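Comments concern the structure below.
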Amino acid sequence: MSTVEHRSPIRDWWSYSQGLRLRHRLAVLAPDAQDVVTHAGGWLFDRAQAGWEVAVVLADVGDIAPLQLLGATVLELEGPLSVPVHHTWPELLIVAPELLTADDRVRSGVQECLERDLLDIVVWDQELPAGFDRWFAGAHCHPSAAARAFKACALALGGYSGADAATTERFRAASARIDAVTDSFALDPGTCEAC
């Protein structure tokens, strides 16, 4: 009798990060799948369909099926945060404001990236920890019709009542490198002095 190896849908973060070299990469850091699907599900789907490698890194990996439906690979937050040096970086980092507030490691890492202009950082449009507002300008995206349909399915799959697949998803983009994210987001008029 042959045995079938059952692999966890949550991949080993090191193997995952080393295997991807040629595609555009983005990472989303968030507390749970519901937060990501609700605030950025349509945009995330459109990036995955455009060929980006999408990794969603969660503090709570309880229910990952809605994110997989949107085209994301799910990783556990503790793996990447447990090592001091990262050999691969995404081109774009999306961070849930709740995680910025709750996790000192995430907050200090994002602050270092902002201060040293290491990579493009976007948050969804919610209250940020003290001192972070100055880095960000308002931005939004209009997910495609397909993205809205898949987001609606992901919301239903996760049982996320009260959320909808809105035609606009609101974000804040780091203004220091704002030109690099304008292919993914439209800037809100009058929110960025440097633009």
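The values are calculated or read from the model by the stated rules, or taken from the named source; none is laboratory data. Fair warning: this is a prediction, and the values are worked out from it, not measured in the lab. Quick reminder, even Gly has a Cβ in these numbers, built from the backbone with ideal geometry, and neighbours come from all protein chains shown. These accessible areas exclude ligands, DNA and RNA; they are computed on the full protein's heavy atoms, side chains included. Shrake-Rupley method; radii C 1.70, N 1.55, O 1.52, S 1.80 Å.
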Worksheet item: Somewhere in the range 65-79, is a residue open to solvent by 30 Å² or more (accessible area, probe 1.4 Å) and in a strand (DSSP E or B)?
Response: yes
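Matching residues to (1) part of a loop (DSSP other than H, G, I, E, B); (2) free of Cβ contacts under 8 Å to residues at least 24 places away in the same chain; (3) within 16 Å of V36 (Cβ to Cβ):
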position	(1), (2), (3)
L93	no, no, yes
R107	no, yes, no
I121	no, no, yes
E127	yes, no, no
A137	no, no, no
L155	no, no, yes
Worksheet item: Out of (1) more than 18 Å from A165 (Cβ to Cβ); (2) in contact with a strand residue (DSSP E or B) (Cβ under 9 Å, 6 or more places away or on another chain); (3) modelled with pLDDT of 90 or more; (4) not in a helix (DSSP H, G or I), the odd one out for T88 is which?
Response: (3)
Fill in: Every residue from the range 164-187 that is of a type in the set (A, V, I, L, M, F, W, C), open to solvent by 20 Å² or more (accessible area, probe 1.4 Å) and either touching an Asp or Glu at 6+ places or on another chain (Cβ under 6 Å) or modelled with pLDDT of 75 or more (or both)
A165, A166, A176, A180, A186
Worksheet item: So which of V57, V106, V61 ends up being open to solvent by less than 40 Å² (accessible area, probe 1.4 Å), under 18 Å from F171 (Cβ atoms), more than 12 Å from the chain's Cα centre (by Cα) and modelled with pLDDT under 95?
Response: V106
